[in-house]
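Report on one structure; see the data block that follows.
Coordinate-derived values only; no laboratory data. As the structure is a prediction and not an experimental result, all values here were calculated from the model. Note that each Cβ is placed from the backbone with ideal geometry, even for glycine, and that neighbours are counted across all protein chains shown.
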Amino acid sequence: MFRRDTRPIDELMFEIFRVNDRLLAIGDATVKSVGLTSGRWLVLGAIALSDHPLPVAQIARNMGLSRQAVQKSTNEMAALGLVETRENPDRRRSKVIALTPAGRAAYEEALELWRSEWTGAMEEILTEEEILTAMRLLRRLRGLVQSGAHSSH
């Protein structure tokens, strides 16, 4: 139960922080053998899930990361041969980031490891309907915090 001075939304936010912290830790452990971290895997995922290469700013927006963190990660992964920069057809001054074949392979291997080690356990405790509901709710919360839209007192 909640303390008298704590509201359910407060508890929800702290629970999200705790889940995020654990997901990053187990993600790091899961993809370490592929030479990735959770952060790098997240960036690779943003690119892999798009139908075209993306600029750093768009990757950051899509994944809820800072542009600086994504730039640092893409620079490191470019040095490792996992991503490459290309000319941006929409803006000459802004490059786009694309997966290399090695990057695609690393992403796919990390995804397969995640699925074999964690997805099944998660699907045992959550129904598909619960997963879809949680995803919708978290996307709404992300939209609010990314927009900065909130009421002030």
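What order do you get for T6, T30, T37 when you list them from fewest to most C-beta neighbours inside 10 Å?
Neighbour counts put them in this order, fewest first: T6, T37, T30.
Segment 94-141: D in µm²/s via Stokes-Einstein (Kirkwood Rh, Cα pairs, 25 °C, 0.890 mPa s)? Please list the in-between numbers first.
Details: Rh = 13.3 Å.
The Stokes-Einstein estimate is 185 µm²/s.
Hull surface divided by four, with the convex hull built on the Cα atoms of segment 27-143: how many nm²?
Numbers: hull surface 32.2 nm².
If I average the Cα hull's projected area over directions, I get 8.1 nm².
Of S73, S147, S94, how do they rank once you tally other Cβ atoms within 10 Å and put the fewest first?
Values: S73 24, S147 8, S94 12.
With the fewest neighbours first, S73, S147, S94 line up as S147, S94, S73.
Tell me the chymotrypsin sites (Phe, Trp or Tyr not before Pro) within segment 1-90 that lie in a loop according to DSSP and have at most 11 other beta-carbon atoms within 10 Å.
Working: sites: F2, F14, F17, W41; in loops: F2.
Passing sites in segment 1-90 are F2.
Treat each spin label as a single point 7 Å out from the Cα along the C-beta direction, and report the A79 to R115 distance in nm.
According to this spin-label approximation, the distance is 3.2 nm.
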